[in-house]
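Beneath this line is the structure, given in structure tokens, with notes to follow.
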Amino acid sequence: MATTTASDAPLSRIRTSMLGARLREAGWGYAFALAPIAVFGLFFIYPFGYAIYISFFHWGILGKQPGGAGTFNYATVLHDPVFHTALKNVAEYTVGVVPLEMALGLSLALVVNQKIRGRNFFRSAFYFPSIASSVAITTIALYIFNSDGLFNRIIGSSTPWFTTASTVTWAIVGLNAWTTSGTVMLFYLAALQSIPTEVYEAAALDGTGAWRTFWRITFPLLKPAHFFVLVVFGIGALKVFDQQFIVSGGSGGPNYSTFTPILYVYNAAFQNFDFGVAAAAGVVYFVVIFVLTIIQRLTVGRQEIA
Amino acid sequence: MMLQTAATAATAEAYIPGRARSEIARKAFLYAILLVVAAIFFVPFLWTLVTSFKTIPDSVNVTLIPHPWTTAAWHEIWTGYSFGTFFKNSIFLAVVVTACNIFLGGLGGYAFARLRFPGRELLFLLVLGTLMVPDQLRLIPVYVMLTNWHLIGNFSGYILINLVTATNLFFMRQYFLTIPRDFEEAAKLDGASYFKTFWRVMLPLALPAMSALVILQFQGTWNDFFWPLILFGQGNPSHYTIQLGLAELHFSYSTLWPQICAGSILAILPILVIFLVFQRYFISGIVSAGVKG
């Protein structure tokens, strides 16, 4: 009995010191996480709600204007033919660019996955445009595809590809497929290298040709990579902005052919100074992308990408 | 290691008898394709570099050797069109934003990976939630807030909204989770404080993750066009970044091709240099960030 009471005091002291250690750890935890949490709260989470709030008011460069709350900004956006054109443009662009990125990326990955001399050099060369500035790449493309630029001199034409309404979307599709194919290549390369060697050895012993091996074995085994690229680069394509802005000087021209939803938000805010409409367009487009993401996750994205 | 498996796959295929000739033909075909593709990747940059040493009338000629050869375009953009200032602005912002991201992303990542505090899981959900908030949605409110705080058109506004990203914090947290606890236990026994443990023990151990983040964040900030356009585009050109300066040069003087080409090279150059030195980190960073995020 006496021994228990004697050992009770140190035990409770240990317990209090453990509690102290716990509290100290929690305190430091909060201290360390404070700045990032403040940044995320202030510049991401709070603006999310604030954007929705602004979208229900007449809001100009000087702030909220009289007139009360209402859904008028949403009516403006949803009935604006320019917004419809912007959605159509970005849909065309996305449908065009994603398969091309996948095809180019996979082809490059297959090539640089071979046992060839200078493999690392080619990998780096193909990857580099992905990390070069989009502004510089776009101005270079404008120079090369100018009416008297290198490309037209070679093919003997004089179409200014990036400033003609009927060609500009496809010109940007080609440009961005070229720049991003290097990144797509890296993802496919990682996936190709995770395919077990035995699979190929078995195919080789069976005398299966290279073409057949690819379509029957490699391509289906790359399924997770296909889904990953489709989801990530599909969402990325919907957010395209820089190229259209540079090509059109921010105007979305010629004839609204380079208007994208994000350019619409930008123009509503900084050309028309109508922040209410800009916020509403931002919310509408957020919902569009969100719904598409959910659909993608539920259909193609289900398979082991997460 | 992974490369090796792929290489064995290729050799295994080559051993099949009767395949030798078709193998040579296949190799030749492969190299032909490679050279054509490599040309498509190189010619635009080469062409831009060549043009930057041409005169304006010469810039529409399809010639590989500038005639006459001149560095006038380079002098002109560096001083006349203030690309010197833009270059310095971009370096400054990229360095500061990268440093802040590594420090705060590391600090927050360490807290979420290792320290126990009430509400940690809930706060971590908030961190992941920020990944869902796209720029086009926060553009207007962030602009309104920065306007109210008089932070439009100056560097502090840009730095403030880019102090740390959820991606970087997440990346650091994932890396810290892979480091064995023994290192911290040892530091704790030595009586090191939590900050000292983080700074002296954990951060150095996370060097591979940090290197990848430094490179990707520097590149992201250097190439950023959207936020500089929003925050500095309406104001004084003395705050332009190189990307914004290049865009404005193109908008105002769309036929000054030698100058525009020199500006484009300048806007790419630091990233090219970093890429050539740190290729390994770029490639591993992209793949792991993509696979995990």
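Laid out as a table, the results:
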quantity	calculated
Residue within segment A:226-244 that is among the acidic types (Asp, Glu) and assigned to a helix (DSSP H, G or I) present	yes
Residue A:225 among the hydrophobic types (A, V, I, L, M, F, W, C), within 19 Å of the chain's Cα centre (by Cα) and buried (at least 19 other Cβ atoms within 10 Å of the Cβ)	yes
Residue list for segment B:20-49, restricted to those being surrounded by fewer than 17 Cβ atoms within 10 Å (Cβ to Cβ) and under 30 Å from the mean Cα position of the chain (by Cα)	B:33, B:35, B:36, B:38, B:39, B:40, B:42, B:43, B:46, B:49
Lone qualifier among B:86, B:112 - being part of a helix (DSSP H, G or I), modelled with pLDDT of 95 or more and farther than 30 Å from residue A:31 by Cβ	B:86
Filter result for the condition that a residue is modelled with pLDDT of 90 or more, touching a Pro at 6+ places or on another chain (Cβ under 7 Å) and either of a type in the set (S, T, N, Q) or not assigned by TED's automatic domain parsing to the domain that holds residue A:254 (or both), over A:169, A:183, A:138, A:179	A:179
Residue that is surrounded by the most Cβ atoms within 10 Å (Cβ to Cβ), among those in segment B:155-183 that are in contact with a helix residue (DSSP H, G or I) (Cβ under 7 Å, 6 or more places away or on another chain) and in a loop (DSSP other than H, G, I, E, B)	B:164
Positions within segment B:130-142 being facing chain A (nearest Cβ under 7 Å) and either farther than 10 Å from residue A:282 by Cβ or more than 21 Å from the chain's Cα centre (by Cα) (or both), in sequence order	B:130, B:133, B:137, B:138, B:139, B:140, B:141, B:142
Filtered residue count, segment A:141-200, keeping only those that are under 30 Å from residue A:113 (Cα atoms) and in a helix (DSSP H, G or I)	29
Test: residue in segment A:123-133 that is among the basic types (Lys, Arg) and touching a residue at least 12 places away in the same chain (Cβ under 8 Å)	yes
Boolean, residue B:139 is among the hydrophobic types (A, V, I, L, M, F, W, C) and buried (at least 23 other Cβ atoms within 10 Å of the Cβ)	yes
So residue B:238, is it assigned to a helix (DSSP H, G or I), surrounded by fewer than 23 Cβ atoms within 10 Å (Cβ to Cβ), at pLDDT 90 or above and of a type in the set (S, T, N, Q)	yes
Flag if residue B:117 is free of Cβ contacts under 8 Å to residues at least 60 places away in the same chain and either assigned to a loop (DSSP other than H, G, I, E, B) or of a type in the set (Lys, Arg) (or both)	yes
Residues of segment A:46-59 satisfying the condition of being buried (at least 18 other Cβ atoms within 10 Å of the Cβ), within 25 Å of the chain's Cα centre (by Cα) and in a helix (DSSP H, G or I)	A:47, A:48, A:50, A:51
In segment B:219-232, the residues that are of a type outside the set (Val, Ile, Thr), over 16 Å from residue B:273 (Cβ atoms) and within 8 Å of chain A (Cβ to nearest Cβ)	B:225, B:226, B:229
Verdict on residue A:271 being more than 9 Å from every other protein chain (Cβ to nearest Cβ) and within 20 Å of residue A:95 (Cβ to Cβ)	no
Tally, over segment B:92-114, of residues that are in contact (Cβ under 8 Å) with a residue 24 or more places away in the chain, under 14 Å from residue B:217 (Cβ atoms) and surrounded by fewer than 20 Cβ atoms within 10 Å (Cβ to Cβ)	3
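The values are calculated or read from the model by the stated rules, or taken from the named source; none is laboratory data. Fair warning: this is a prediction, and the values are worked out from it, not measured in the lab. When we count neighbours, we look across all protein chains shown, and the Cβ atoms used for this are built from the backbone with ideal geometry, even at glycine.
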